[in-house]
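A.B. asks: Here it is, the structure, as structure tokens.
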Amino acid sequence: MNELHAGKSGGDTLLDIENVERIFGGGRKLFGGKMPAVHAVQGLTLNVRRGETLGVVGESGCGKSTLARLVVGLDLPTAGTITFDGEDLTALARRNRNALARKVQYVFQDPVASLNPRKTIRTILEAPLKHLTDLDARGRERRLEELLEAVNLAPEFLERYPHEFSGGQAQRIGIARALAAGPELIVLDEPVSALDVSVQAQVLNLLDALKEKFGLTYIFISHDLSVVESVSNRVAVMYFGRMAELGPAKEIFKHPLHPYTDLLMRSAPAPGRHDLLSEDAAAELPDPYNPPPGCAFAARCPRKSDLCLSARPAPDAARGQDENHFAACHHPLPRA
Amino acid sequence: MTDTTQTVEMKPKRTSARPGTLALLLNNSLATGGLIVLVAICLIALAAPLLPLADPDVTAPVDRLQPVFSDGHLLGTDHLGRDLLSRLIWGTRVSLAVGLSATVIAAFFGSLLGLVAGYAGGRVDTLIMRGIDMVMAFPYILLALAIVAVLGPGLLNALYAIALVNIPFFARNIRGITLGLSRREFVDAARLSGKSPAQILFLEILPNVLPVIVITMSTTVGWMILETAGLSFLGLGAQPPQADLGSMLGEGRKILFTAPHVSVIPGLMIFALVMSINLFGDGVRDVLDPRLRAGSLTRPVARTAVERGDAPVPPPSGKGGVLDVRDMRTEFEIGGSVYKAVGGVDLTLAAGECLGIVGESGSGKSVTAMSIMGLVPTPPGRIAGGAAYLDGEDLFAVSDRRIRKLRGSAVAYVFQDPLSTLHPLFTVGDQLREAIGTHQPLSAAEVKARAIELLSLVRIPNAKERLSAYPHELSGGMRQRVCIAMALANDAKVLIADEPTTALDVTVQSQILTLMNGLRRDRNAAILFITHDFGVVSAICDRVAVMYAGRIVETGRTNEVLASPQHPYTAKLIECVPVLGEPERRLDAIEGRPPVVNNLPDGCAFADRCGRVRPECRSGEIALVISREDRGVRCLYPLNTEGAA
């Protein structure tokens, strides 16, 4: 387990997630019966270094959005600790939510749904300035101008309502709101998946420029491998609430260790590619109410053995050549 | 005063293409009628002190029970000789005031409880809502009677009782809305902006709930007036000699047969008042409710209207093929402006071929697909020109009966979201059997055997058991397989797939693509595949057509278009997509936005965003130039052509 923290001594760790678990449901019924529980995230250990972009990849139901909500304090873990810059993030979220919101911000998947339809853009952008900073009215006005300029929006947009904007513009507003209080870490939860491809590129380029300009750290969550590959320094692949593989982006995409990562990459369509890998129709996620005792991916895995069915592999069961490349797999893929 | 006028002028005048709220309301003749009656009654009631009326409470036993139109008493007098007209107007005043104030009180407390319960959730919600349930467990009139019995009779106490009895109605309505709203992303966003729960509840959620409160109020006022009348009728509301519609009715009841006008007149007034309020309230609800406003009230038409005008119908292209679309134009007319969603599209599709239509949202690719079988909703849509030939038969000219027969048999659709295309209350087997049975005269056993065969065809394991599964019991990939099975139920010649894999995970997407690819080879079905993803096109399509602002701007074999795009838009579109394995590639974004199709520029629609634009691009009609078979581009200065430098 300690090996996973190798990065902590080496790099400057900003966020440290240790053994985090989030269970939904559970508890007792009125007459003592146990309610069914779903482990959205389980035994997750991960760190984010200052100034990097950590990509988080996985399919629907893998727990990546739960992870995002835990990091910004919208949800609290049922076990484990999250430390931000040496401070207990969970305790901070309970005690002083605004202090946390000053440091960690969030960009939503659906840009239009994340803006209140009955508020002008000015009211929406002023809210974090009012509640999270101690700027006076004039200071706020100046900051608003800066923010709009940073995300390439015209100042006259301030008086308009969200429904007057296209998806790309609305997402710029969402990004401006996240930037408003000057956070260090921004969690981007599928920030471009609701956008058209041409707009997607605009927003990705903008995010890149802003990171440079404000010295930000990103957690970039997406189901789109090619987008994650193009923006991330390191990548975490999640499957069924657990970490499947973690390592530098280049290593993971060139020499994946986990058969699931390999499957994801070979399933992703790309222009000029005809040979999509296709599994059998029976390949499904395990029942979340009745998780398998061994590796959750075993049922779909071409390399599974009896060991995989009975024993769950540790997050660092397999190592890559890079010292920071781990995978939770008993039988990792050989280096091609 | 000057201040206000200035602020009014400051506001930019917005000329909206859609009719305004008031215009919509006045369009509804019943609501308008209700409004007129209501305003008239209110004006008369308000003007009561100014009108030359007799004192309503002065008794004159000599003049008792005068008939209608008697001298000095237009509506006659009651059993104590009081002027009925005067009592009616003053009574209406009281009834309106009590009804309105009871509504406001009930709305205030009910909404407050609903907001808090819906937002807080958990134990607070349980506590409040069980309390509300308890209030609702008693018949309302019984409860109101009990309250009045405790407080003592009187108009004010009746008002309290009615308000209290109606609180649950508001609380339940508002709680439901709040519950939905408080799980929305903008509430999370407000929380992250540092707003406190109270600020979120009253500054973020309340403005969104307000229309619902207004709607609920407008539909309850009439009810409240009736309830007030009811309590007064029983002698628990207005106390004599005060006039109130309910008490007037109650007093007249005893002499209903000797002097019917004494009770009929207040009865008619209650009827007019409540009816006008309800008609008006329904109108307000129709106008304010966004779901109804979006046009759900217009009657759906089974098929898109075809208005091809005088222009000659283009003949088939002569290339053969199953589907041959020629110069198809589809328009939407919304609030006076015409949106040319599809502006002249030519497509041919041979048996066993897969043609991809690629474009961004708003490019007209889905409307193209829907137009072919007349699935574009009318109003506001209409097919304004062109033809679609299925095996030589013009689909825009055939009868409604024929098109119904062809839908789902010769031409079948697969849509993006399988959860919303499958009916949630019927099993997969029911829906599949229906798809088969509609077009084929088979016995029940044969239909079932066919359904199992279809499910195995789309490689659903345990096909027999899955027949009795409901859509929500299946995963997204399995649901889409069921949709494909339904589309294949009647050996469709053409399968129109509108973003069938966009809502699916990548591993599932590749399964579905492989499945569709295999099926068209085995069954020789043609596929029209609509997508925004060039990767998906690469995986399945033989040919591709790129759409921009309602027209095809480039078409050709998939490999050729991807390797050497000729239209600058296609080139840019390919460049701006990140490609797996090439992380260093700098994404080249297309600046600007596509034009709105109700105001297309002259010449090339892409000119404003194009790096190679020249003055000639901005005028005249630019034709789709076919250079070789299957290869065409709508550009004056195309890229990657042999002739170009």
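A.B. asks: When the residues of the stretch B:155-181 are narrowed to those that are among the small types (Gly, Ala, Ser) and surrounded by fewer than 19 Cβ atoms within 10 Å (Cβ to Cβ), which ends up farthest from the chain's Cα centre (by Cα)?
C.D. replies: B:176
A.B. asks: Could you go through the stretch B:542-549 and let me know if any residue there is exposed (fewer than 15 other Cβ atoms within 10 Å of the Cβ), within 14 Å of chain A (Cβ to nearest Cβ), of a type outside the set (D, E, K, R) and touching a Pro at 6+ places or on another chain (Cβ under 9 Å).
C.D. replies: The answer is no, given that none of the residues of the stretch B:542-549 is exposed (fewer than 15 other Cβ atoms within 10 Å of the Cβ), within 14 Å of chain A (Cβ to nearest Cβ), of a type outside the set (D, E, K, R) and touching a Pro at 6+ places or on another chain (Cβ under 9 Å).
A.B. asks: Filter the strands (runs of 3 or more DSSP E) completely within the stretch A:22-137 down to those with at least 3 residues that are within 12 Å of another protein chain (Cβ to nearest Cβ) and under 25 Å from residue A:212 (Cα atoms).
C.D. replies: A:53-57, A:104-107
A.B. asks: Here's a check for you: in the stretch B:462-512, which residue that is acidic (Asp, Glu) and surrounded by fewer than 19 Cβ atoms within 10 Å (Cβ to Cβ) is farthest from the other protein chains (Cβ to nearest Cβ)?
C.D. replies: Looking at the filtered set, the residue picked out is B:491.
A.B. asks: Test of understanding: among A:203, A:197, A:192, which residue is within 8 Å of chain B (Cβ to nearest Cβ) and in contact with a helix residue (DSSP H, G or I) (Cβ under 8 Å, 6 or more places away or on another chain)?
C.D. replies: Answer to the selection: A:197.
A.B. asks: Please give the strands (runs of 3 or more DSSP E) falling wholly within the stretch A:174-281 in which 1 or more residues are among the β-branched types (Val, Ile, Thr).
C.D. replies: In the stretch A:174-281, A:185-189, A:217-222, A:234-239 are the strands (runs of 3 or more DSSP E) which contain 1 or more residues that are among the β-branched types (Val, Ile, Thr).
A.B. asks: If the requirement is being at pLDDT below 90, surrounded by fewer than 19 Cβ atoms within 10 Å (Cβ to Cβ) and β-branched (Val, Ile, Thr), which of these qualifies: B:124, B:68?
C.D. replies: It is B:68.
A.B. asks: Take residue B:103 and tell me if it is modelled with pLDDT under 85 and either β-branched (Val, Ile, Thr) or part of a helix (DSSP H, G or I) (or both).
C.D. replies: In short, no.
A.B. asks: Among the residues in the stretch A:146-164, are any charged (D, E, K, R), surrounded by 22 or more Cβ atoms within 10 Å (Cβ to Cβ) and within 13 Å of chain B (Cβ to nearest Cβ)?
C.D. replies: So far as the stretch A:146-164 goes, no, none of its residues is charged (D, E, K, R), surrounded by 22 or more Cβ atoms within 10 Å (Cβ to Cβ) and within 13 Å of chain B (Cβ to nearest Cβ).
A.B. asks: Might you check whether a residue that is over 19 Å from residue A:183 (Cα atoms), touching a residue at least 12 places away in the same chain (Cβ under 8 Å) and among the basic types (Lys, Arg) occurs anywhere in the stretch A:104-120?
C.D. replies: yes
A.B. asks: Restricting attention to the stretch B:202-212, does a residue exist that is surrounded by fewer than 20 Cβ atoms within 10 Å (Cβ to Cβ) and among the acidic types (Asp, Glu)?
C.D. replies: No, every residue in the stretch B:202-212 fails to be surrounded by fewer than 20 Cβ atoms within 10 Å (Cβ to Cβ) and among the acidic types (Asp, Glu).
A.B. asks: What's the number of the condition residue A:301 fails, among (1) over 27 Å from residue B:466 (Cα atoms); (2) within 13 Å of chain B (Cβ to nearest Cβ)?
C.D. replies: (1)
A.B. asks: Another question, then. Being within 12 Å of chain A (Cβ to nearest Cβ), within 21 Å of the chain's Cα centre (by Cα) and of a type in the set (D, E, K, R), is that true of even one residue in the stretch B:189-205?
C.D. replies: Looking through the stretch B:189-205, none of the residues is within 12 Å of chain A (Cβ to nearest Cβ), within 21 Å of the chain's Cα centre (by Cα) and of a type in the set (D, E, K, R).
A.B. asks: Would you check which residues across the stretch A:30-67 are over 28 Å from residue A:250 (Cβ atoms) and surrounded by fewer than 19 Cβ atoms within 10 Å (Cβ to Cβ) and list them?
C.D. replies: Within the stretch A:30-67, A:30, A:31, A:32, A:33, A:34, A:35, A:36, A:37, A:38 meet the criteria.
A.B. asks: Please go through the stretch B:203-221 and give me each residue that is in contact (Cβ under 8 Å) with a residue 60 or more places away in the chain and not hydroxyl-bearing (Ser, Thr, Tyr), ordered by number.
C.D. replies: B:205, B:206, B:209, B:211, B:213, B:214, B:215, B:217, B:221
A.B. asks: Could you check how many residues of the stretch A:165-186 are more than 10 Å from chain B (Cβ to nearest Cβ) and modelled with pLDDT of 90 or more?
C.D. replies: Result for the stretch A:165-186: 11.
A.B. asks: Here is a list: B:22, B:35, B:96. Which entry is outside any loop (DSSP other than H, G, I, E, B) and modelled with pLDDT under 85?
C.D. replies: After ruling out the rest, the residue left standing is B:22.
A.B. asks: Say whether the condition of being aliphatic (A, V, I, L, M) and not in a loop (DSSP other than H, G, I, E, B) is met by at least one residue in the stretch B:616-632.
C.D. replies: yes
The values are calculated or read from the model by the stated rules, or taken from the named source; none is laboratory data. All values reported here derive from a predicted model rather than from experimental measurement. Methodologically, a virtual Cβ is constructed for each residue, glycine included, from the backbone with ideal geometry; neighbour enumeration extends over all protein chains shown.
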